[in-house]
Amino acid sequence: MSAPAVPPSHTDPAAVDPAAPAGRSAAAERAVRTTVVLLFTAWLIDYADRLVINFVLPSVGEEFHLTHGQQGLIVSAFFLAYALAQIPGGVLTDRFGARRVITWALLAWSLFTALTGFAWSFAALLAVRFLFGAAEGVFPPASMKVLVERTTSEQRMGANGLIMSSNAVAAIAAPLAVAPLAAVFGWRSAFFSAAALGVFVVLAIRAWLPAPLHRGGPGAAEERHGMRHVLRIGVLWRFAAMLFGLNVVLGGLLTWAPSYLRTELGVPLTTVGVLMIAPAVASAAATIIGGRLSDRLGGHHRKLIVPSMAVAALALPAMAFSSSPVGFVVFATVVVIAASLAYMPILAAPLSGLPPAYVGVGSAVIVLGGQVASMVVPPVMGVITDAFSFEVAFASLVVGALVAALMAVLTPQDSDSFRAAFGASARIRPTTDSEQS
């Protein structure tokens, strides 16, 4: 994502010229708000579509006579493809443009969401979920680049916090919608309904997504290196490892909590949906707060991530060995708050420090770390559950909190130090804040 500065013609005049007309500044603010709303909606559909399987997994397991390990593989098939598609998605984004890639991704994943409802066997489910994951996997780097192109570095994490709070909103909406649909029409109907929503989001993005304030990618006058060269940049993989640890905690908890409440604690499916509202609301608020704090701290993610992961590490065993649904949900909410506070700070330094031409592939490397965790954790927890118990499986998620905290200490703490580390590894001149904005 340096070289020469981004050409002035691609830069928001109001962001760099104090004498720029106030109308231009107001227009830029409207562009940011519109971008946030559209990306929030796209991520809401993205996350809701993938969450549906968590709430119908027991029904799917009953219909196809699956073990917990096999049920975990259904979830992992999605995340395997999702992880594999991250870097190709970043390359496509940097080459063809973020707006175009987002449109492709939305159309494709809506199709495969619908096809999930037609699955006739365990093998068919694995195949469709894999294709679904590949379609969604190209979306995150494109979304990151859309945001970077339409915001300044000072407002980026706050805006991204608002956008990514959509995941928590989806965690509220999905169970409330899925439970009655599955109860009345069967588990397949939930996938048909989710697919229809994606088409409306495509139309909205094509109609209303603002033009970039500044551009990287094909039009930028920057020295470009091959993908293999970028993949050898160590600082990106350290941030990827940090997100890996965080997603071990969140991925394991969110995948198996509905099944645990339903099958081990005897909570009805509709009540499971209600109980999961508290962690979801807390997650939305914590994600937004984490973004705001990250902007105020100028990155410095260690100040937020280390204490947050310490809280998560203490709360996870308490959650795992709680014998009541209420106790489980209370401690789960504490874990989710701690993890959600840490999410935006992980991305702060990279999204402010990556050269514009590498925002797609660079962010894809980091997101890949999180998706590897999301791919590995469901079946591993399923196997641990079959061999020992759900309690042991949930307690093992402490490992993820420790990894995230360690990587928070071992990574650059702000955009300047990130640029220096990235530039040194890539042998390119780091860009400055004014060049990126």
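The values are calculated or read from the model by the stated rules, or taken from the named source; none is laboratory data. Computed from a predicted structure; not experimentally measured. Methodologically, a virtual Cβ is constructed for each residue, glycine included, from the backbone with ideal geometry; neighbour enumeration extends over all protein chains shown. Each accessible area value is taken on the protein alone, full model and side chains, heavy atoms only, with ligands, DNA and RNA left out. Shrake-Rupley method; radii C 1.70, N 1.55, O 1.52, S 1.80 Å.
Brief remarks on what is shown
- Taking the listed residues ARG188, ARG156, the one that is more than 15 Å from LEU44 (Cα to Cα), open to solvent by less than 10 Å² (accessible area, probe 1.4 Å) and out of contact with any strand residue (DSSP E or B) (no Cβ under 9 Å at 6 or more places or on another chain) is ARG156, with no other qualifying.
- Within the range 328-344, the residues that satisfy the criterion of being within 20 Å of TYR260 (Cβ to Cβ), in contact with a helix residue (DSSP H, G or I) (Cβ under 7 Å, 6 or more places away or on another chain) and not hydroxyl-bearing (Ser, Thr, Tyr) are PHE328, VAL329, PHE331, ALA332, VAL334, VAL335, VAL336, ILE337, ALA338, ALA339.
- Considering the range 86-97, and only residues there that are modelled with pLDDT of 85 or more and open to solvent by less than 10 Å² (accessible area, probe 1.4 Å), the residue that is farthest from LEU231 (Cα to Cα) turns out to be THR93.
Residue-by-condition table, conditions (1) under 18 Å from PHE418 (Cβ atoms); (2) open to solvent by 30 Å² or more (accessible area, probe 1.4 Å); (3) at pLDDT below 90; (4) more than 22 Å from the chain's Cα centre (by Cα):
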position	(1), (2), (3), (4)
ILE288	no, yes, yes, no
ARG292	no, yes, yes, no
GLY298	yes, yes, yes, no
ILE305	yes, no, no, no
VAL311	no, yes, no, no
ALA318	no, yes, no, yes
SER322	no, no, yes, yes
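- Here ARG100 fulfils each of the conditions (1) closer than 30 Å to ALA27 by Cβ; (2) crowded, with 24+ Cβ neighbours inside 10 Å; (3) among the charged types (D, E, K, R) apart from (2).
- Subset tally (residues that are polar (S, T, N, Q) and open to solvent by 10 Å² or more (accessible area, probe 1.4 Å)) for the range 324-373: 4
- Filter result for ALA105 (more than 22 Å from SER189 (Cβ to Cβ), touching a Phe, Trp or Tyr at 6+ places or on another chain (Cβ under 6 Å), small (Gly, Ala, Ser) and part of a helix (DSSP H, G or I)): yes
- Scanning the range 290-301 for residues that are part of a helix (DSSP H, G or I) and more than 19 Å from LEU44 (Cβ to Cβ) yields ARG292, LEU293, SER294, ASP295, ARG296, LEU297.
- Within the range 205-242, the set of residues being modelled with pLDDT of 75 or more and either open to solvent by 20 Å² or more (accessible area, probe 1.4 Å) or among the charged types (D, E, K, R) (or both) comprises ARG206, ALA207, TRP208, LEU209, PRO210, ALA211, PRO212, ARG232, GLY234, TRP237, ARG238, ALA241.
- Flag if TRP120 is open to solvent by 50 Å² or more (accessible area, probe 1.4 Å), more than 25 Å from LEU341 (Cα to Cα), out of contact with any strand residue (DSSP E or B) (no Cβ under 9 Å at 6 or more places or on another chain) and not in a helix (DSSP H, G or I): yes
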